[in-house]
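The values are calculated or read from the model by the stated rules, or taken from the named source; none is laboratory data. Keep in mind the model is a prediction, meaning the values are calculated, not measured. Methodologically, a virtual Cβ is constructed for each residue, glycine included, from the backbone with ideal geometry; neighbour enumeration extends over all protein chains shown. Surface areas here come from the heavy atoms of the whole protein model, side chains and all, with no ligands, DNA or RNA. Shrake-Rupley method; radii C 1.70, N 1.55, O 1.52, S 1.80 Å.
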Amino acid sequence: MTGGVKKHYSGSGSLADRIAGALRAKGLEPSSLTPADFEAVDEFHFRGRAATLELASLMQLTAASKVLDIGAGLGGVARTLAETAGCHVTGIDLTPELCAAAAEISGWLGMSDQTEFVQGDATSLPFADGAFDAAITVHAAMNIPRKDRMYTEARRVLRPGGIFAAYDILQGEGGAMLYPAPWAAEPSISHLATPQEMRTLLQGAGFKLLKTIDSTHDSLRWLEQRTASGGTAEAVPVTAKLLFGTNYREMVQNQLRALRERRMLTCSFLCAA
């Protein structure tokens, strides 16, 4: 199972090199950009950087906070939190290629001291009990069948009272998900929970549920706006296309239909350890 997930996100060749090459082809030097400039590259979850900032405001992070980003991908969420709160963020991801690219991008942006990226399994975190003040996961649990272990581990590595924010794609009431999707070319590596299952899992892991937000309508409007003119106007290339290639257009159309029909939902859960 983990091999399929790693293969799905790894692509071919060095991802950092492909991102740098795409930027330079547009006349952009990676080291001249800011974290916000990279939104189209490293925060291609629904509603992008705006969604990350919304979660960050709820988490009430400070410069002293030690934060864990579970399923960090290319590190965009980690860098946004580190930049806006001044905190240190450790990202962990199953795919070595994503970890390497995340570290490289942080280097380009002068954020290597504020962020670090570790290859590892969300269901068996390589960190001590109570090691973090806060944790976040964004669009990662869709690939994890043992979500009970994931959330139990997240609870374990948080200090008492620490905040956990989960923002993910969930199974809706409108029917089965359509594939290919960005997180799964076919159903075998897709594991969507329903909102009720999420609440049960989080509470079963020992979290106190503070707030639930269904942002499905906003996610649909966001994706419709991004596709209305055949793409976005960002100066940097969208990494999803670099990762997923020619299937990306079909993935987007499947997501549009799934959101409209509530086959899939986007929801956030704010919890206290």
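So that you can scan it fast, the table gives a plain yes or no per residue for (1) closer than 18 Å to A154 by Cα; (2) surrounded by fewer than 19 Cβ atoms within 10 Å (Cβ to Cβ); (3) more than 16 Å from the chain's Cα centre (by Cα):
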position	(1), (2), (3)
A36	no, yes, no
E39	no, no, no
E43	no, no, no
G48	no, no, no
L53	no, yes, no
A63	no, yes, yes
V67	yes, no, no
T84	no, yes, yes
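Of all residues in the stretch 145-170 being free of Cβ contacts under 8 Å to residues at least 60 places away in the same chain and either under 14 Å from the mean Cα position of the chain (by Cα) or open to solvent by less than 20 Å² (accessible area, probe 1.4 Å) (or both), which is nearest to S190 (Cα to Cα)? Once the filter is applied, the top-ranked residue is K147.
Only one of (1) polar (S, T, N, Q); (2) in a strand (DSSP E or B); (3) closer than 27 Å to Y179 by Cα is not met by T52, so which one is it? Of the numbered conditions (1) polar (S, T, N, Q); (2) in a strand (DSSP E or B); (3) closer than 27 Å to Y179 by Cα, the odd one out for T52 is (2). Examine the stretch 34-46 for a residue that is among the charged types (D, E, K, R), touching a residue at least 60 places away in the same chain (Cβ under 8 Å), within 28 Å of L125 (Cα to Cα) and part of a helix (DSSP H, G or I), and state whether such a residue exists. Yes - at least one qualifying residue is present in the stretch 34-46.
Residue-by-condition table, conditions (1) surrounded by 20 or more Cβ atoms within 10 Å (Cβ to Cβ); (2) modelled with pLDDT under 95; (3) touching a strand residue (DSSP E or B) at 6+ places or on another chain (Cβ under 7 Å):
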residue	(1), (2), (3)
G175	no, no, no
Y179	no, no, no
A184	yes, yes, no
H191	no, no, no
Q196	no, no, no
S219	yes, no, yes
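For the stretch 21-32, give me the residue count where each residue is open to solvent by less than 30 Å² (accessible area, probe 1.4 Å) and modelled with pLDDT of 90 or more.
Residues meeting the conditions: 1.
Go through the residues of the stretch 201-208 one by one and say whether even a single one is among the aromatic types (F, W, Y) and modelled with pLDDT of 95 or more. Looking for residues that are among the aromatic types (F, W, Y) and modelled with pLDDT of 95 or more, one finds at least one in the stretch 201-208, hence yes. For the stretch 116-144, a residue qualifies if it is open to solvent by less than 20 Å² (accessible area, probe 1.4 Å) and closer than 20 Å to R159 by Cα, and the qualifying residues are A122, L125, F132, A134, A135, I136, T137. Regarding the stretch 49-66, can at least one residue be identified that is touching a Ser or Thr at 6+ places or on another chain (Cβ under 6 Å) and under 24 Å from S190 (Cβ atoms)? Scanning the stretch 49-66 turns up at least one residue that is touching a Ser or Thr at 6+ places or on another chain (Cβ under 6 Å) and under 24 Å from S190 (Cβ atoms).
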